[in-house]
Structure formats: structure tokens, C-alpha cells
1. Set the Förster distance to 45 Å, then compute FRET efficiency between residue 154 and residue 132 from the Cβ-Cβ distance, nearest 0.05.
2. Translational diffusion coefficient, Stokes-Einstein: compute it for region 2-75 using the Kirkwood radius over C-alpha pairs as Rh, at 4 °C and 1.567 mPa s, and state it as an integer in µm² s⁻¹.
3. Filter 102/157; 71/96; 71/98 down to the pairs with a C-alpha to C-alpha distance above 28 Å, please.
4. Among 113, 47, 155, which one shows the highest mean-square fluctuation when the chain is modelled as a Gaussian network with alpha-carbon springs under 10 Å?
5. Just the number: Rg to Rh for region 81-135, Cα atoms, Kirkwood Rh, two decimals.
6. Given region 3-157, what whole percent of its Cα pairs are spread farther than 24 Å?
7. By counting other Cβ atoms within 10 Å of each Cβ, how are 79, 4 ranked from fewest to most?
8. Highest GNM mean-square fluctuation, the chain, Cα pairs closer than 10 Å: which of 134, 14, 67?
Amino acid sequence: MKTRDIVVGGLLTGVSIMIPLVLAGTPLMVQIPPFFTATIAAHVPTLLAMAISPGVAAMVAIGSGIGFTLKVNAIVGARAFTHLIFALIGAYSYQKGKSYNKILLFTAPIHGLFEALIVLPFGWDLKKALLACGLGTIVHHLIDSVIAAVVYQALLKASFLKRPSSSV
């Protein structure tokens, strides 16, 4: 991994930790007790990290899990730690030349599924988990994807990010 990638990854990780610390308890965090939260822009650092490298994507996803565990609770933190799965899938797809916007779309249901599954052992039935947590996460992912896509385009234009060699 390049030094630049480690530094950018560290910055994105810091942002992913700070988002729940700063936004929890504000109108920018929707909470459906006991385990569902949707914090605006919480996925943006991870979504951007997918365009850098799998290592950076993993680091930022883990940071998100740490932030939500510290500020909200361990179960919401566990949901955030599942970001590691969609982040790695997205980062490897990006490396293989897939379109960033397509990656944002096809990682949404993966993201929703794993966040829904993580709440099952804590008393949510499958229907409630899939509807409230899974569907809610997909919608939240898509909203954050719009933000990430705008930032991604700006970073491309500024030559801060590079497109993969064969965008599809």
C-alpha cells in the first residue's frame, strides 16, 4: 500500500469515527429503537475508500464500527462493522474496473442484508430485521451514495483519484 493511501485512509477513518461522535443525538441521526440508526453521510467515507484500495476500505469500515460502538451501542457498532463486507466487495470490484456508480448500487443490497442479519440474535424477527434494518439500510446507503458520487466526481476532476484501468 502506498504512503499516500495510508494517509488518506487515516483521514477517512478519522471522519468515519467522528461522524457518529458528532452527529449522534442530532436531527442528522434517525433512531428506531433499539438497534436501527441512520446517520446522514455515515457511509460516505467507506464508499469513497472503496475507490482507493481494499486495505483502505477495510480500515475505514472498521473505523466506522469503532465510532458507532463508542457513541451508540455495541449492536449498532456490530452493524457498522459489517460495512467491512460490502466495502471489500466494492473495492475489489473497483480494482477490476467496474463503474463506481454501479458499485454503489450493487453493494446496497449486500449492505442491507448483512446489517439485517446482525440484529437477528438480539430479538428482531426476520421480517422486522429485513424491513426496518435491511430496507432502511439500503435506502440510507443509496442516499449516502449520492453524496459519495458527487465527492468522487470532484476528486476525479481534481486528479486526486484515478479511474480503474478498464471502467465497465
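1. Working from the Cβ atoms, E equals 0.85.
2. So the translational diffusion coefficient is about 105 µm²/s.
3. Violating the 28 Å Cα-Cα cut-off are 71/96; 71/98.
4. 155
5. Rounded to two decimals, Rg/Rh equals 1.09.
6. Details: 2983 of 11935 pairs.
For region 3-157, the share of Cα pairs beyond 24 Å comes to 25 percent.
7. Lowest count first: 4, 79.
8. 14
Just so you know, all these numbers are worked out from the coordinates, no wet-lab data involved. In this text, all values refer to a predicted model and were calculated from it rather than measured experimentally. FYI the Cβ positions are ideal-geometry reconstructions off the backbone, even for glycines, and counts take in every protein chain you see.
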